[in-house]
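Novice: Sharing a structure below in structure tokens format, with a few things to ask.
Just so you know, all these numbers are worked out from the coordinates, no wet-lab data involved. Since the structure is predicted, the reported quantities are computational estimates derived from the model, not experimental observations. Neighbour counts are summed over all protein chains in view; Cβ atoms, including those assigned to glycine, are modelled from backbone coordinates with ideal geometry.
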Amino acid sequence: MTVDFKGHVGCVTDDSREAGPSCRFLATRLNERYAAEAKERGAAFVTPAELIDELGLRDLEVVGVTGTNGKTTTAAAIYSLLLDLGYKTALQGTRGLFIDDEKVEGKSLTTPPSLATIAHMAMARERGCEFFVMEVSSHAIDQNRIEGIGFSLKIHTNITSDHLDYHGSIEAYRAVKSAFFQDESRKLVNRDEDILQFNPKNAYGYGIENPATYKVMAYALGGGVSGVLKHFEEVVPFETPLQGHFNLYNITAAMAAVHLLTGEDLGDIAEAAENFAGVAGRMEKVSDDPLVIVDFAHTEDGIKQVLDSLKEKEIRVVLGAGGDRDATKRPKMGRAAAMVAKKVYLTSDNPRSEDPAVIIEQMAEGIEEQEKVVRIVDRKEAIRRALADLQEGEALLVLGKGDETWQEIGGKKIPFDDREVIREILSRER
């Protein structure tokens with residue numbers, strides 16, 4: 001990537017082929033093997049911290065959200081609350097780059113490479129933003145893609161199991177997540193989890209079960225997420241259209257974060273939470289009758305949380321697992337779905353270079369009650385079959401892809417949107 005920052009900063013690149021006397025090379029851990037080539041081309045070097053200083057970005061308040069599940073919803077909720085309270089704000093994450101309620105760039109990595117993030121920060125600052133909210137992945141922490149960024153607040157949602165194909169073990173994965181919270185910067189951690197290791201200096205907590213700086217004293221989940229939030233002696237009610245117990249944590253973290261960042265009245269923050277309806281592809285209701293919900297859940301814990309949010313109903317689940325990714329979680333995903341669901345339709349997600357039938361069998365290995373399993377490789381056909389099987393009062397959850405608009409099969413991206421497929425099938429049947 002090459003960026004012309006204009007002014008005295010000028011051209012900066014992280015691609016050694018573009019580096020030269022007129023374009024400096026961004027020196028990071030990820031591209032250090034290309035440093036010799038950049039030097040040969042006559043390029044001067046600049047580090048991420050130096051570039052951030054040159055661009056005058058230290059007064060931009062950066063908020064980093066990390067965790068196995070909930071990053072996207074929590075970050076989006078913080079962004080939404082800040083906007084509603086009148087703050088100019090940017091959001092970078094899985095769904096792209098948003099500045100002041102405008103989508104500036106489409107979907108990308110959860111946490112892009114250093115130069116892209118710094119360019120986004122500069123763009124946000126140019127537009128007058130006070131806050132820059134970003135999702136921080138475990139890959140980005142491990143690869144130091146967040147080098148040089150001074151976080152005003154670091155937020156922990158939860159740590160379960162994911163990306164073991166990259167990290168090697170659950171212990172290594174947890175250690176990487178914990179590494180993000182070892183400095184003395186301000187941090188907000190989920191006190192109902194004891195997995196995270198963090199520096200207690202400048203640490204604040206939120207939770208439902210355990211004592212916390214921001215504690216939910218009572219809550220209800222019927223027809224949305226509502227509750228009473230206590231901060232020291234202050235007690236405020238809140239109500240949102242979000243669904244599910246896990247979203248109670250997400251919105252609590254968001255309200256606590258905005259309170260820490262702005263010092264605004266907690267009651268005003270809670271009132272603004274009523275306007276946040278969630279994120280596309282996360283517990284997204286595609287149909288009311290029958291009730292059909294699409295969600296991005298693709299880990300054992302994520303699936304459990306989504307199913308638990310509808311435990312008062314009989315549930316059918318369409319589920320796949322991505323190819324060329326952590327295979328150890330596949331039987332766990334199948335088991336998590338079958339523990340609650342009446343029927344599990346195992347199908348393709350993004351099989352990539354793998355045989356989808358093999359992935360399906362690996363998911364099925366975790367399910368004891370094989371009579372619950374229906375194996376259909378074609379995802380559209382699996383959704384059609386599940387909808388056809390739905391009985392009065394039952395709900396269908398279509399999991400794994402959320403708001404993705406394609407399937408990756410054999411190196412090709414083929415247009416496919418779970419939500420559009422569901423609507424098309426239902427419209428034909430009506």
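Novice: Provide Asp14, Asp288 in ascending order of the number of other Cβ atoms located within 10 Å of each residue's Cβ, fewest first.
Specialist: Ordered by Cβ neighbours within 10 Å, fewest first: Asp288, Asp14.
Novice: Further question on the same structure: Could you put Tyr345, Tyr87, Tyr173 in order, starting from the residue whose Cβ has the fewest other Cβ atoms within 10 Å?
Specialist: Tyr87, Tyr173, Tyr345
Novice: Now for a separate question. In whole Hz, what ³J(HN,Hα) sequence does segment 55-65 give by Karplus (6.51, -1.76, 1.60; θ = phi - 60°), x for Gly and Pro?
Specialist: 7, x, 9, 5, 8, 7, 7, 9, 10, x, 10
Novice: To make sure I understand, if each residue's beta carbon is the centre and we count other beta carbons within 10 Å, what order do Tyr79, Tyr204 fall in, fewest to most?
Specialist: The most exposed by this proxy come first: Tyr204, Tyr79.
Novice: Here's another thing I want to ask about it. Which of Gln362, Gln182, Gln243 moves most in a GNM of the chain, Cα contacts under 10 Å?
Specialist: Maximum fluctuation in the GNM of the chain, among the listed residues, is at Gln182.
Novice: Still on this structure, I have one more. Which of these, Glu392, Glu381, Glu354, has the largest mean-square fluctuation under a Gaussian network model of the chain (Cα springs below 10 Å)?
Specialist: Highest fluctuation of the listed residues: Glu392.
Novice: How much length, in nm to one decimal, is gained on full extension between Asp53 and Arg423, taken as 0.36 nm per residue of separation minus their Cα-Cα distance?
Specialist: 128.3 nm
Novice: Using a Förster distance of 45 angstrom, determine the FRET efficiency expected from the C-beta separation of Met217 and Asp389, and round it to 0.05.
Specialist: My answer for the efficiency is 0.60.
Novice: Additional query: For segment 103-185, divide the Cα radius of gyration by the Kirkwood radius and give the resulting Rg/Rh value with two decimals.
Specialist: 0.99
Novice: Something else now. Expressed in nm to one decimal, what extension gain is obtained for the pair Ala175 and Thr328 from 0.36 nm per residue of sequence separation less their Cα-Cα distance?
Specialist: Residue separation times 0.36 nm, minus the Cα-Cα distance, leaves 53.2 nm.
Novice: Please list, in order along segment 100-115, the HN-Hα scalar couplings obtained from phi with the Karplus expression 6.51 cos²θ - 1.76 cosθ + 1.60 (θ = phi - 60°), rounded to whole Hz, x for Gly and Pro.
Specialist: Per residue, the Karplus-derived 3J(HN,Hα) values read 6, 6, 10, 7, 8, 9, x, 4, 8, 4, 3, 10, x, x, 3, 5 Hz.
Novice: Sticking with the crude label model, points 7 Å out along Cα→Cβ, report the distance from Lys39 to Glu264 in nm, one decimal please.
Specialist: Taking the simple label geometry, Lys39 and Glu264 are separated by 5.0 nm.
Novice: Out of the DSSP beta bridges found with both residues in the chain, what percent are antiparallel (nearest 5)?
Specialist: In the chain, DSSP labels about 40 percent of beta bridges as antiparallel.
Novice: Given the DSSP H assignment, sum -39500 (n - 2.57) over each helix run of at least 4 residues in the chain and divide by its residue total; what's the result at 222 nm in deg cm²/dmol, nearest 500?
Specialist: -9500 deg cm²/dmol
Novice: What list of ³J(HN,Hα) couplings, whole Hz, do you get for segment 204-216 from phi and the Karplus terms 6.51, -1.76, 1.60, once you set θ to phi - 60° and write x for glycine and proline?
Specialist: 10, x, 9, x, 10, 8, 9, x, 7, 4, 10, 10, 7
Novice: I've got another one for you. Could you give the length gained on full extension between Gln197 and Ser22, defined as 0.36 nm per residue of separation minus the Cα-Cα distance, in nm?
Specialist: The span from Gln197 to Ser22 would gain 58.6 nm if fully extended.
Novice: Moving to a separate point now. If a cysteine in the chain has no other Cys Cβ under 4.7 Å from its own Cβ, put it on the list, ordered by number.
Specialist: Cys129
Novice: Under a 10 Å cutoff between Cα atoms, tell me which one of Ala256, Ala124, Ala179 has the largest fluctuation in the Gaussian network model of the chain.
Specialist: Per the Cα network of the chain with a 10 Å cutoff, Ala179 tops the list.
Novice: Taking the Cβ-Cβ separation of Val235 and Asn144 as r and a Förster radius of 56 Å, what is the calculated FRET efficiency to the nearest 0.05?
Specialist: The calculated FRET efficiency here is 0.85.
Novice: Quick one: if you stick a label point 7 Å off each Cα along the C-beta vector at Lys313 and Glu371, how many nm between them?
Specialist: In this crude label model, Lys313 to Glu371 measures out at 2.5 nm.
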